[in-house]
1. Go over the candidates Ile163, Ile175 one by one and state the one that is in contact with a Ser or Thr (Cβ under 6 Å, 6 or more places away or on another chain) and hydrophobic (A, V, I, L, M, F, W, C).
2. If I ask for residues that are in a loop (DSSP other than H, G, I, E, B), exposed (fewer than 12 other Cβ atoms within 10 Å of the Cβ), at pLDDT below 95 and of a type outside the set (Gly, Ala, Ser), which ones from segment 184-225 would you list?
3. Only one residue in Asp43, Asp34 is among the acidic types (Asp, Glu), under 30 Å from Pro194 (Cα atoms) and modelled with pLDDT of 95 or more, so which one is that?
4. Leu132 - would you say it is at pLDDT 95 or above and outside any helix (DSSP H, G or I)?
5. Sort out which residues of segment 127-160 are over 16 Å from Arg29 (Cβ atoms) and touching a Ser or Thr at 6+ places or on another chain (Cβ under 8 Å), and write them in order of number.
6. Pairs needed: first member in segment 77-101, within 28 Å of Lys115 (Cβ to Cβ); second member anywhere, outside any strand (DSSP E or B) and among the hydroxyl-bearing types (Ser, Thr, Tyr); C-beta distance under 7 Å; at least 6 residues apart or different chains.
7. Which one is farthest from Leu154 (Cα to Cα) among residues in segment 64-85 that are part of a helix (DSSP H, G or I) and charged (D, E, K, R)?
8. In the set Leu125, Leu164, which member is under 17 Å from Arg81 (Cβ atoms), touching a residue at least 60 places away in the same chain (Cβ under 8 Å), touching a strand residue (DSSP E or B) at 6+ places or on another chain (Cβ under 6 Å) and not in a strand (DSSP E or B)?
Amino acid sequence: MGCVLMVKRKIEKEEAERERLAAMWERERRLWADGYTCIAGIDEAGRGPLAGPVVAACVILPSDIYLPGLNDSKKVAPHVRTLLAEQIKSKAVDWSVGIVEHREIDEINILQATKKAMAESVAGLNKRPDYLLIDALEIALPIPQEGIIHGDSLSASIAAASILAKTYRDSLMEIMDELYPEYGFKEHKGYGTPRHIRALQQFGPCPVHRKSFLTKFKEKYDGYN
């Protein structure tokens, strides 16, 4: 009886996941019905950290792909994100990333840097999309587009971009951790955690810190300079 119950619960869980994923394809299905054939999702990772680049990803998914667990990268466990990223890269019609480094973030501000990274991720594609689904923003490209608040939870294409942007940026911050191990970048990826703040107070900023962010939050992080 217990085995039967376990199988039943597993089936119910799989059905619920299929329903959730089907809902995430609603916008893409609507656009395909309107005649668009190459729909790209765009998202970024790294708008909030005190160090490192902002990374955007652009992904064109095939209509028949099934990716259990696909969601906003913040809602996905790291080991699942890694698995999903490999599946997305191997099965996507096309994908690309755009990167804007910390120095340029200081020069043009994080919002403009995010939009630039997004535009670069589109430019890096081999196929030109005919519609863009973007998490929260719109970008200055001559392509029809829609900015969707919380799009990484509502659109499969944006969620896939969220996964690629997050995993790509995390890998960069792990390299930064090897260069500057005292800050713990591998652990917090540049975000303002207590450990990161303590390191700033002890060692001061390193070459990959965003000076504009540190200046903005100077009072909160008093003692780092």
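1. Among Ile163, Ile175, only Ile163 is in contact with a Ser or Thr (Cβ under 6 Å, 6 or more places away or on another chain) and hydrophobic (A, V, I, L, M, F, W, C).
2. Within segment 184-225, Glu219, Lys220, Asp222, Asn225 meet the criteria.
3. On inspection, the qualifying residue turns out to be Asp43.
4. yes
5. Result: Asp135, Leu137, Asp152.
6. Hits for this filter: Arg81/Ser73; Arg81/Thr167; Thr82/Thr167; Ala85/Thr167; Ser96/Ser121; Val97/Ser121; Val97/Tyr168; Gly98/Ser121.
7. Of everything passing the filter in segment 64-85, Arg81 is farthest from Leu154 (Cα to Cα).
8. After applying the criteria, what remains is Leu164.
The values are calculated or read from the model by the stated rules, or taken from the named source; none is laboratory data. Quick caveat: nothing in here was measured; it's all calculated off a predicted structure. All Cβ positions, glycine included, derive from the backbone under ideal geometry; neighbour counts span all protein chains shown.
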